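Everything below concerns the one structure shown next.
The values are calculated or read from the model by the stated rules, or taken from the named source; none is laboratory data. Just so you know, these numbers come straight off a predicted model, no measurement behind them. Note: ideal-geometry Cβ built from the backbone for every residue, glycine included; neighbour counts use all protein chains shown. Each accessible area value is taken on the protein alone, full model and side chains, heavy atoms only, with ligands, DNA and RNA left out. Shrake-Rupley method; radii C 1.70, N 1.55, O 1.52, S 1.80 Å.
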Amino acid sequence: MDDHTADYWARQIRIGALIAAVVTAIGALRIAMSWSGAGRWWLIPVLLAVVAQAVLIRLPWNRLVRREGFRRQLLVWWFAELPVLLLFGFADPGGAFLYLPAAVLLLMSAAALWAPRTVVLFGVLSGLGYLVLLPVKAHTGVALTFVVVAMYGCVTALTAINSQSRRRLDNRRRSAEQRAETLLEASADTVLAVGRDGALKYVSPSIEQLLGFRAADLRGARLTHVMAEDRLGELHDFMTKMLALPIGQSMRVESRLRNAAGEWVYVDIMGTNWINSPELQAIVVSLRDIGARRELEMQLSRQAFTDSLTGMPNRAKFRQQLEEAVESGGPEPVTVLLLDLDDFKLVNDNLGHSAGDELLTTIAERLRSVVRPADVLARLGGDEFAILLRDLDPTDASGLAERLLSIVREPIRLASRDITCSLSIGLAASTGGEIGAEQLLGNADLAMYAAKRAGRNGYAIFDPTMTLSVLEEAQQRADIEHALEHDEFRVLYQPVVDMTTQQLIAVEALVRWQHPRDGLLGPYHFIAGAEANGLIVPLGRWVLRQACAQLARWRAESPAAAGLHVNVNLSARQFQYAGLVDDVAEALADAGLDAASLTLEITESMLMADIETAKETLHALRGLGVRLAIDDFGTGYSSLSYLKQLPVDVIKIDKTFVDEVHIDEDDVALVDAVAGLGQALKMKTVAEGIETDEQWDTLRRIGIDHGQGYLFGKPAEQERILEMLAVTVA
C-alpha cells in the first residue's frame, strides 16, 4: 500500500470511528432519556463503548492499515455493528426508526473503504434487519415494509456504485502514479520532494543509482541527517533562497554530494518552489549526475590550454596569463622570453618527425629545470617556447637567457647519434602595464628574429629600432610582387642526361631573380621569403607556365626536342595549395603540351608532413597524366611502405649521397639500395650533383638511370639547351 492510499484509509477509519462514537453516544442519550429504570444499567457499557471508539481515533492507522491481514480483520468491526444495532432496535421503544439512519451511516462509511461486493453484502444484511424490525416494532404492513426495504435497496445500490467509481479512480490514480514512478526510476535524474521543515516527503528510486542510498530509508528523514556537516551551511543557503522564490519558480546550481561510500558525486541541482502549492507543499529538487560531463569539460579545458606533446601551457593559455599579468598594472616588471630552436626543420627532415618530437620533449624538460616554479613556461607551437616572468629584473632575465642557451647546447642523443641544438631568444619587458600583452609578445618576437639574424645561438633584448626589420620584410614582399608584375624573374634550365650515353633527356626549370639593383639573385635570396609570405604560389605558377611554354617552343624549333621532358619543382606551400591541380592543367593546355612531358618534383619531407593529403594530391596530379618525382630522396626518412603506395615515377638521389660515392662504401651501398628499390618499384633513378667523372663512372656502374650536375651542364638559358639538342642530333 502506497502512502497516499494509507493516508486515505487512516482518514476514513477515523471518520468511521467518529461516526460510530457519535451514534453510540446518541444511543446512550436515548437510554438515559427513554428507557425504564430497570434497563438504564445499559448506559454504563454503552458509554464505555463511546469512549473506546473515541480512543480508536487516535490509533496509528496509517501504519496499521499497511498490513493486509489487519485490513481483513478490520472488516469484522463493521459487520459486528449490525447485530448490536439490531438488538438496540428491539430494546428501544423507537428502535425501528433509529435503526434506519444508523444503518445508512454504517453503509456509507463501509462504501468509503470496501469493494462494491462487500458494500452490497453489508446492505443486504442491514436490509434484513428492516424486514424484522418494521413489522414487529413499527407494526407496518407488508406494502409499507416492502417500500421502505426497496428504498433502502436503492440506497445500497447507489452506495455500491459510488464505491465502484471510487475504486476505478483509485486504480487510475495508482496506474498514473506507477507510470510516473517507473519513469522516475528509469530516469537518470533523481527527484526529491522536501518539506518546509527539511523532511524528505518523496525520494525517487533512482537515488540508489546516484548516491547509493535506498529511497525507502530516506523518506521521512531530514536532509540535515543525510548531508555531511561541512555541507549544512550550503544546504541552509539553498533552502533559504528556494523559499524566497515565487511559487513555480526554479533555481539551478551545481554542487557535490557524498554518496553512501563517502565519495564525492558532482550533481546539477534544479529546485522548484511548490511549498505553497496545496497539492505538493514541498520544494521539488531534481539531481543529475554531471560527473562525466565535468570530467569531459576538464579534459577539454586541459586540451584547449595544454600542449599535448610537452604537457606545458599552450599559446592560448600563455596569452591569457600574459594578459592577466599586464593588466594587473603592478610596479613589478612583466618580462617575456620568446625561444625558438634553430634549424629544427632539419631534424624533422633528416631524422623524421618522431625524432623531432623526442627532441622537443627533451628540450622542454631542460627548460623546466632552469625556470622557477612561479614562472610560466609554455610551448607556443612547433619549435617555439615562451617564458613569462612577473617579478624579475630585465638584467636578471638576461642571466636566465644565458642559462637557457647553455643547457640547450648540451648534446642530445637521437637516433643513435648526438645532436647539438641552439636557441634564439628574444626578451621584452613592460612595467606598470605601459604596453599591452599583444604588443609585448610582438616585441619579444622582433627581438627573437633579431637574435636569429645576428647568427643564432644567442639572445637579443627588444629595441624600438627592431621594428625596421618588419619594414624590411614588408619591403621584400613588395619587391617580389613588383618583380612578378614586371617580369623580373627568369627561368634557367639544367640538363638531365642518360647515364650511359650522356644524351639530353630532360631539363629542370630553376628560377632566378634579375634584380634591378642587385643583379641576378639565386633562389636562396628570395625563395624562403616568398614561402613565408605566400607569394611562392603565384611565383611557382609563373615558373610552371614558363617551363611548359618553353618546352613547346623547343619542340617546335628542333626535332631533337620531341622526346625532351621538363621538370618543375613544387614548394611546400604550393603543394598544399588547393588550386594546384587546376594550375597544372591550365599550364599544359595553354602550352599545348601533352601531360607526360611534364615531371613535377616534390621533396621527400613535403610528402611525409601529411602523407594522406599528399597521396590525394599526387593521385589527382597523376590523373592529369603528368610524371611525378621525389626530390632529395634519402633525407626525409620516408617509409618504404608509403613509397610503394605513392604514384611516383622518378626517385632523385640527394647530392649529399653523391659527393663521396666514388670513395665512401656506405654511400655506394645506399645508392645501390636506392637503384635496386627503383628497379623493384619500376621507377627511374636520377643522381643529383654529379661533378666529376669518378662520380659518374661509379653511379653508372651501380645502375643509376639518369644524372644531373655540373659535369653535364650548369643551369643555362634556353638558347644553350637548343645548342645541346643540336649536338645530340649531330
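Summary table below
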| quantity | calculated |
| --- | --- |
| With every protein chain in place, the chain: carbon and sulfur % of accessible area (1.4 Å) | 57 percent |
| Rounded accessible area per residue of the chain, 1.4 Å, Å² | 51 Å² |
| Too-long pairs where the Cα-Cα distance tops 27 Å, listed order kept, from Lys682/Lys714; Lys615/Lys682; Lys652/Lys714; Lys615/Lys714 | Lys682/Lys714; Lys615/Lys714 |
| Rounded FRET efficiency, nearest 0.05, which uses the C-beta distance separating Glu279 from Leu125 and R0 of 51 Å | 0.85 |
| Radius 11 Å from Cβ of Gln514, net charge of other residues (Lys, Arg +1; Asp, Glu -1) | 0 |
| Cα long-axis angle, helix 353-370 against the chain (0 to 90 degrees, to the nearest 10) | 70 degrees |
| Between helix 43-56 and the chain: long-axis angle, C-alpha atoms, 0 to 90°, nearest 10 | 0 degrees |
| Whole-number percent relative contact order across the chain, with pairs defined as alpha carbons under 8 Å at least 6 apart | 7 percent |
| For Thr240, solvent-accessible area (1.4 Å; no DNA, RNA or ligand), Å² | 70 Å² |
| Cβ-based net charge around Ala111, under 14 Å, with every Lys or Arg adding one and every Asp or Glu removing one | +3 |
| Listed residues Leu235, Leu588, Thr156: farthest to the positive end of the dipole of the chain (Cβ charges) | Thr156 |
| The range 235-353, relative contact order [Cα under 8 Å, separation at least 6], % | 14 percent |
| Note, ³J(HN,Hα) from phi for the range 205-214, Karplus 6.51, -1.76, 1.60, rounded to Hz, x at Gly and Pro | x, 5, 5, 5, 6, 7, 10, x, 8, 7 |
| Formal net charge of residues neighbouring Asp693 (Cβ-Cβ distance under 14 Å; K, R +1; D, E -1) | -1 |
| Accessible area of Leu98 in the full protein assembly, 1.4 Å probe (Å², nearest 10) | 60 Å² |
| Extension gain, Ser34 back to Arg11 (0.36 nm per residue minus Cα-Cα distance, nm) | 4.9 nm |
| Cα long-axis angle, helix 68-91 against the chain (0 to 90 degrees, to the nearest 10) | 20 degrees |
| Per-residue SASA entry for His662, accessible area with 1.4 Å probe, Å² rounded to 10 | 70 Å² |
